[in-house]
Every structure is written in C-alpha cells, then in structure tokens.
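S.K.: Have a look at this one.
The values are calculated or read from the model by the stated rules, or taken from the named source; none is laboratory data. The structure presented is a predicted model; accordingly, all values stated were derived computationally and were not measured. Every residue, glycine among them, receives a Cβ derived from its backbone with ideal geometry; neighbour counts consider all protein chains shown. Note: areas computed on protein heavy atoms with side chains; ligands, DNA, RNA excluded. Shrake-Rupley method; radii C 1.70, N 1.55, O 1.52, S 1.80 Å.
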Amino acid sequence: LPITQVIKLCEFIANQEMDKFQRQEFEEGLPAAKLAVVQLFEEIFRDRAPYIENELLEKSGQIIVNLLRQEEPFPDNEDAQGYDPATHSLNCIHGVAMHSLVSYGLYCERKRKQEMGEKGEPIMIYILKETLTEKLDKTKNPSLAVHSVFGWYFPQFIYLDKKWALENREQIFPADGMTKYWQAAWSAYIRFSDVYTNVFPELINQYQRALEEF
C-alpha cells in the first residue's frame with residue numbers, strides 16, 4: 001500500500017473509541033490494532049531509507065500523540081513477577097508510542113539535515129518537546145514503563161536539545177522519594193544506551209548514586 005493510505009488507515013484506527021465488530025474468543029481487538037499502529041510507526045521512523053512528505057509526516061506525529069493521550073489498555077502491573085518497566089514499554093501502547101515519538105523526532109532531524117545540510121544545531125521538534133514535557137508530570141502520567149523511555153533515550157535528548165535535557169534531568173532521574181522512577185530510567189539508560197563523551201559528564205552524579213545503591 002502507498003504510505004498515504006497506510007497513514008490514513010492508522011489515523012482511522014487511532015480515532016476509534018470502541019470495537020465495532022463482535023470478536024470471537026482469542027481474536028485480537030482494537031487495543032491490539034492500536035498497538036500495531038505505534039509499532040508500525042516505530043519501524044517506519046527507524047528506517048533511514050523512506051522519505052515522507054511533510055504533511056504526512058506531521059499527521060503521523062499527531063497520530064502517535066493522540067494514542068499517547070488515550071487510556072492505556074495494557075497498564076503497568078508493578079506487582080507482577082519479573083515486571084520490568086523497560087520491557088513493558090515495548091508491550092504497551094503508551095510505551096511503544098513513546099519509542100515511536102522519539103524515533104519520529106530523530107527522523108525529522110535526519111530529514112532536516114538531508115534537505116538543509118549540516119548547518120546549525122540539531123532541533124527537537126515542538127511536538128516532541130511538548131509531549132515529553134507533558135509525560136514527565138508523574139502526577140498525570142505515573143507509568144513506570146513510559147518513564148523508562150526517558151532514561152533509554154537520554155543521549156538522544158542531549159543530541160536534539162541539550163538545554164531541554166539538562167533542564168529536565170532531575171525529573172528524568174528524580175531524587176529520593178521517587179526511587180522507582182529513578183530506577184526505571186537509570187536501568188533503561190544503562191541497558192540500552194552507549195556511553196557517549198558528551199553525555200557521561202552530565203550524568204556523573206547519577207553514576208555515583210548508582211554505585212552507592214549497588
């Protein structure tokens with residue numbers, strides 16, 4: 001299918017509020033379809049080859065944010081045996097949408113460079129910055145799976161907008177009293193990020209804390 005029709009179908013699925021068809025036992029329903037949408041976007045935006053026109057690109061970002069603002073049908077279950085926030089972020093709509101949103105922001109930056117060359121600093125597009133800032137409010141977004149994504153991509157945030165990343169560093173890796181959020185972000189950072197010379201100095205306090213807790 002042409003990318004235009006694919007995105008149109010994704011938009012249709014994202015806008016549905018309830019299943020309109022009776023499901024048989026073990027049949028996938030609307031939540032699974034919405035999860036498939038964000039998984040598809042994650043795959044699209046990680047691919048360096050496809051070129052998506054600006055209008056479709058903007059619509060894709062809006063679909064991802066729309067799904068992030070809907071109720072999560074696969075919520076965190078912190079009491080489950082072996083529960084891991086980063087792993088769960090790959091199996092719930094909000095978690096995968098967060099991964100997709102970051103990939104979307106990185107894709108937009110690659111596209112900007114492709115069109116304009118290497119001039120200027122990287123840019124964190126507004127919809128990414130706005131949504132990330134919104135999701136950092138743990139009173140409204142308490143999901144550990146979602147929060148783990150902030151640690152996972154901290155180097156990418158430094159790359160796209162160092163000022164934003166450092167201004168929000170203490171919320172991403174919060175101090176005492178929010179240990180589970182610190183652990184979710186730090187564990188994801190340690191497991192899934194390389195050590196970059198431009199990132200390590202900004203996280204020395206976090207490495208020290210990790211050593212103390214270890």
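S.K.: Round to a whole angstrom and tell me the spacing of the C-alpha centers of the stretch 1-18 and the stretch 155-191.
M.R.: 33
S.K.: May I ask you to rank D137, D194 by accessible area, largest first, using a 1.4 Å probe over the protein chains only?
M.R.: Values: D137 55, D194 100 Å².
Correct descending sequence by accessible area is D194, D137.
S.K.: How much area per residue is accessible in the chain when the probe is 1.4 Å and only protein heavy atoms are counted (Å²)?
M.R.: Result: 58 Å² of accessible area for each residue.
S.K.: Taking the Cβ of R46 as the center, what net charge do the other residues with Cβ under 15 Å away carry, scoring Lys and Arg +1 and Asp and Glu -1?
M.R.: With Lys, Arg at +1 and Asp, Glu at -1, the net is -1.
S.K.: How about K113: which aspartates and glutamates have a C-alpha closer than 16 Å to its C-alpha, ignoring those fewer than 8 places off in the same chain?
M.R.: Once the sequence-local aspartates and glutamates are set aside, what remains near K113 is D47, E53, E121, D161.
S.K.: Carbon and sulfur atoms: what percent of the 1.4 Å accessible area of the stretch 108-166 do they account for?
M.R.: About 58 percent, which is the carbon plus sulfur part of the accessible surface.
S.K.: As a quick test, which of the pairs K8/K119; K119/K162; K138/K162 have an alpha carbon distance above 26 angstrom in this structure?
M.R.: K8/K119
S.K.: Still on this model: Tell me whether the chain comes out rounded, prolate or oblate; compute the Cα gyration tensor, take square roots of the eigenvalues as a ≥ b ≥ c, and use a/c under 1.5 as the rounded threshold.
M.R.: Oblate shape, in that a/c is at least 1.5 and b/c is the bigger or equal ratio.
S.K.: Taking the Cβ of L132 as the center, what net charge do the other residues with Cβ under 12 Å away carry, scoring Lys and Arg +1 and Asp and Glu -1? Each step should come with its number before you reach the end.
M.R.: Working: positive: K129, K135; negative: E130, E134, D137, D161, E167.
Neighbourhood net charge equals -3.
S.K.: Same structure again: Specify whether the C-alpha gyration tensor of the stretch 114-214 places it in the rounded, prolate or oblate class, a ≥ b ≥ c being the square roots of the eigenvalues: rounded for a/c under 1.5, otherwise prolate if a/b is larger than b/c and oblate if not.
M.R.: Details: a/c = 2.28, a/b = 1.39, b/c = 1.64.
Since a/c reaches 1.5 but b/c is at least a/b, the shape of the stretch 114-214 is classed as oblate.
S.K.: When all protein chains stay in place, what accessible area (Å², nearest 10, 1.4 Å probe) is found for R46?
M.R.: About 130 Å², rounded to the nearest 10.
S.K.: Return the calculated 222 nm mean residue ellipticity for the chain, to the nearest 500 deg cm²/dmol, obtained by summing -39500 (n - 2.57) across DSSP H runs with n ≥ 4 and dividing by the residue count.
M.R.: Per the formula, -19000 deg cm²/dmol.
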